[in-house]
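The values are calculated or read from the model by the stated rules, or taken from the named source; none is laboratory data. Predicted, not measured: the structure shown is a model, and the values here were computed from it. All Cβ positions, glycine included, derive from the backbone under ideal geometry; neighbour counts span all protein chains shown. Note: accessible area is taken over every heavy atom of the protein model, side chains too, but ligands, DNA and RNA are not part of it. Shrake-Rupley method; radii C 1.70, N 1.55, O 1.52, S 1.80 Å.
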Amino acid sequence: MEKIALCPGSFDPFTAGHQIIIDKSLTLFDKVVIAIGVNNKKKSFFSLEKRISLIEKVYAGNPRVKITAYNNLTADYCRQNGIHFIIRGIRNVGDFEFERNVAQINKRLFEPIETIFLMTPPEFSEISSSVVREILEHHGDPTQFMPDRISLDDLR
């Protein structure tokens, strides 16, 4: 049976930190679904289409990575798609506390779910989508925090 993991997030935008977590996940699972959560009450920096295209650029030609979007509960998405593993990246203690709570709620909503926490390497611990957005808002170049396949032109 194929082992599939879901890596949910807003990915606004997808960073080198996200990539390291997905790449680690691919060593553990047969397939990883990168699922962009759509929250209509939250204003995104990049459109959904742009976020999908950036991630597609990083994983072009990799049949083990699927990119999708969803607008329901993560636990419901997992139930509807037969996914029993969720991957979450942890940069620091604050991430762990938040993600542990979310994992416990997901487990109560859909008992078969197991959340796997993967630590980011120290050199990636300061990277976040919000840092990248702030650099872009001030007309800076955040490409050092992005996957190699994403250029500054891709972000404009």
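Condition check: at pLDDT 95 or above, open to solvent by less than 60 Å² (accessible area, probe 1.4 Å) and more than 26 Å from residue 31 (Cα to Cα). Does residue 135 satisfy that? Yes, satisfied. Assess whether residue 50 counts as being without any contact (Cβ under 8 Å) to a residue 60 or more places away in the chain and within 22 Å of residue 154 (Cβ to Cβ). When the stated conditions are applied, residue 50 passes them. Within region 27-47, the set of residues being within 13 Å of the chain's Cα centre (by Cα) and open to solvent by 10 Å² or more (accessible area, probe 1.4 Å) comprises 37, 38. Residue-level check: of (1) outside any loop (DSSP other than H, G, I, E, B); (2) charged (D, E, K, R); (3) more than 21 Å from residue 24 (Cα to Cα), residue 111 misses just (1). From (1) farther than 19 Å from residue 79 by Cβ; (2) small (Gly, Ala, Ser); (3) outside any helix (DSSP H, G or I), pick out the condition that doesn't hold for residue 5. For residue 5, the failing item is (1). Just one residue in the set 85, 145, 46, 110 is among the aromatic types (Phe, Trp, Tyr), closer than 16 Å to residue 16 by Cα and at pLDDT 95 or above; that residue is 145.
Only residues that are touching a Ser or Thr at 6+ places or on another chain (Cβ under 8 Å), within 23 Å of residue 146 (Cβ to Cβ) and either open to solvent by 30 Å² or more (accessible area, probe 1.4 Å) or part of a strand (DSSP E or B) (or both) were counted in region 49-102, giving 6.
Looking at region 114-156, which of its residues are aliphatic (A, V, I, L, M), touching a residue at least 12 places away in the same chain (Cβ under 8 Å) and assigned to a helix (DSSP H, G or I)?
As a first pass, look at region 114-156 and keep what is aliphatic (A, V, I, L, M): 116, 118-119, 127, 131-132, 135-136, 146, 150, 152, 155.
From what's left, touching a residue at least 12 places away in the same chain (Cβ under 8 Å): 116, 118-119, 127, 131-132, 136, 146, 150, 155.
Selection gives 131, 132, 136, 155.
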